[in-house]
Amino acid sequence: MRLYPTLAAVMLAAGAVPAVAQWNPAARQWGKTDPDDLRVLSFNVQDRICSTNNKTQGANTWTAMAVQVAALKPDVVILVECGDNSGNGTGTLQGYNTVDTVQRLTDTINYFLRGGTDAYVTGNPTVTSYVTKFATPGYDLPFVYVSDQTDNFNRNVVLSRFPLADLNGDGRSSIGTFNLAADSLAPWYTAGNAGIRGFIFSEINLPDDRYGGDLVFGGAHLKSGSTASDFTERLQASQRIAYYIDAVFNGLGGSTPDPRTRSTAFPRPNKVLTAQTPVIWAGDFNEDEYTNGSDGPTLWMTRAQLASPSTDGTDRDRSDSSFDDSRDPFNTGLRLTIGNSGNTKFDYICWQDSIATLRRSFVFRASTMPGSATPPEFSNYPSLFTNISGASDHKPVVADFILPPPPLASGHNLVAPANAAENLGTSQSLSWTLGQRVTDYTVVLSTNADLSSPILSQTVSSAGPATLSVPSNLLSNCGTYYWTVRANNRAGAANSPSGIWSFRIKSLTDLNADGFVDDADFVIFAAAYEDLISTVGDFNNDTFTDDSDFVIFAGAYEQLIACP
């Protein structure tokens, strides 16, 4: 297990201000350094996302939640303490003073993300405060899993920019909890489940042109409290979680998921995750690993029983996984995620560090930000600024991960014009077949066989169609041209398997494009000349077929010249 300091903390402690890409909090840039990084957000929302909360825009807790998600623009999110109308204090007002059902909370999450007409508040008002209203256009978290597990107060929720999909062959893309039988070979955990609130694991299909694998993203809200039984419940839940990750997703180091069949889930998975698919999990684990005085839940979930050297860890290679040591970017000694005083950290992000590499992590606290550093998403809501940090008793924890890149793109073959085609017109379109794992294509056209000094180099979307019209002023009669298509993704550019193709444009006076200037062309030209037709035989582009064109045609016809 490696406990990581944040890059932001290191840079700021050294007196440097991050100035790369979209990460520069001092300049109000809270985005990712690289758009292909995976941003994870863990947020205990303290009941604020529930069906009976006030969803109108204003200085209220709902809006405070929405603008924070909009400002951070995570790719995947674990929200805990959702759906508790009683805890939020609004259930009595709306006549629903209990935990939201799965469907009711799913609807509420959709309101939180995209607005709509509120079916759960008296009078069915329009939801005027929501994430996509405040975020950059096009940002959304359309894929949602609401856990079926509840402690009769709240539920856990996963949000994702990418679709949920079955990755391990068990027919499910998400689970809300699991049960394990006892295992004599791993006596450090006891039979049971992940605790009264469960543990989400959502399997996420990442874009093949950007990532070499996919993602399993999990989260939980472990038992709160400071009694001996609370500590025991957290400890036992975290031990079972560690074993579940190692057995079901890692195959205990082999190729068969849960090879000792300790999980009671059915149907059973039939494959372990690919070598480039990490497990990342986060949440409110309700103990501070710095101050709890023992091996707490975060250590157990990342390390399992053995410390060093680890042979039972939850990383893919069975070494220890890692957990964050996130800090406030504007107070690098502050790791506080719960409350507004002290320095207690209950909220953690864990990951398999042999696959996912941490670029940075941080605690997001509006109360410590200089006014000049507040995200633009806050700018239109100055009255909210002092309220945002107090909207929940927990603060968001954010981590950006570098995931394995995909293999180079492949399979994009050239189609037309056919290789070495001749006697073509000056109006041409280049076409190819769509390849695999492609972000976009670069079409290159040159008069040189090695494609040097291209006369055209243009990017075309991978969404298709796989064709590009060549501007008419680029192609000249009797010219020979060389072209190819390169497919691009995060791993780089891949040439087409077809290589470089060529084509040749016909002579200006070869009116029937048969490669010769002969009697057949004379018949065509004579008809145009007799009628002064401008569309045929107008070689000098003066809109008439006349004597000046006859001189051009006669010179070619006399020598039967098509192209030199």
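The values are calculated or read from the model by the stated rules, or taken from the named source; none is laboratory data. It should be emphasised that the depicted structure is a prediction, and the values quoted were computed from it without experimental measurement. For neighbour counting, all protein chains shown are included, and Cβ atoms are generated from backbone atoms with ideal geometry for every residue, glycine included.
Inspect all residues belonging to segment 159-171 and state whether any of them is without any contact (Cβ under 8 Å) to a residue 40 or more places away in the chain and in the same structural domain as C50 (by TED's automatic domain parsing). Yes, segment 159-171 has at least one match. Kindly indicate whether T101 is free of Cβ contacts under 8 Å to residues at least 24 places away in the same chain and of a type in the set (V, I, T). Yes, satisfied.
Yes or no: V398 among the hydrophobic types (A, V, I, L, M, F, W, C), part of a strand (DSSP E or B) and in the same structural domain as S326 (by TED's automatic domain parsing)? Here the answer is yes, as V398 does meet what is asked.
Is at least one residue of segment 236-250 under 22 Å from the mean Cα position of the chain (by Cα) and not hydrophobic (A, V, I, L, M, F, W, C)?
Our first condition is that a residue be under 22 Å from the mean Cα position of the chain (by Cα); within segment 236-250, this holds for 249.
The next check asks that each one be not hydrophobic (A, V, I, L, M, F, W, C); those that pass are none.
No, there is no match, as no residue in segment 236-250 is under 22 Å from the mean Cα position of the chain (by Cα) and not hydrophobic (A, V, I, L, M, F, W, C).
Condition check ((1) in the same structural domain as A391 (by TED's automatic domain parsing); (2) at pLDDT 95 or above; (3) surrounded by 15 or more Cβ atoms within 10 Å (Cβ to Cβ)) across all residues:
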| position | (1), (2), (3) |
| --- | --- |
| I78 | yes, yes, yes |
| D84 | yes, yes, yes |
| D100 | yes, yes, yes |
| R104 | yes, yes, yes |
| T117 | yes, yes, no |
| T122 | yes, no, no |
| L141 | yes, yes, yes |
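Filter segment 249-293 down to the residues that are more than 27 Å from L79 (Cα to Cα) and among the hydroxyl-bearing types (S, T, Y) and list them by number. Hits for segment 249-293 are S255, T256, T261.
Assess whether D312 counts as being charged (D, E, K, R), over 23 Å from V158 (Cβ atoms) and under 26 Å from the mean Cα position of the chain (by Cα).
Values: charged (D, E, K, R): yes; over 23 Å from V158 (Cβ atoms): yes; under 26 Å from the mean Cα position of the chain (by Cα): no.
No: the conditions fail for D312.
Might you let me know whether segment 380-390 holds any residue that is at pLDDT 95 or above and either within 26 Å of the chain's Cα centre (by Cα) or among the hydroxyl-bearing types (S, T, Y) (or both)? Looking through segment 380-390, none of the residues is at pLDDT 95 or above and either within 26 Å of the chain's Cα centre (by Cα) or among the hydroxyl-bearing types (S, T, Y) (or both). Number of residues in segment 184-198 that are under 15 Å from P297 (Cβ atoms), touching a residue at least 60 places away in the same chain (Cβ under 8 Å) and touching a helix residue (DSSP H, G or I) at 6+ places or on another chain (Cβ under 8 Å) equals 1. Within segment 221-234, at least one residue is touching a residue at least 40 places away in the same chain (Cβ under 8 Å), out of contact with any helix residue (DSSP H, G or I) (no Cβ under 7 Å at 6 or more places or on another chain) and crowded, with 23+ Cβ neighbours inside 10 Å. Annotation note: of G293, G342, the sole residue that is surrounded by fewer than 21 Cβ atoms within 10 Å (Cβ to Cβ) and farther than 30 Å from D183 by Cα is G342.
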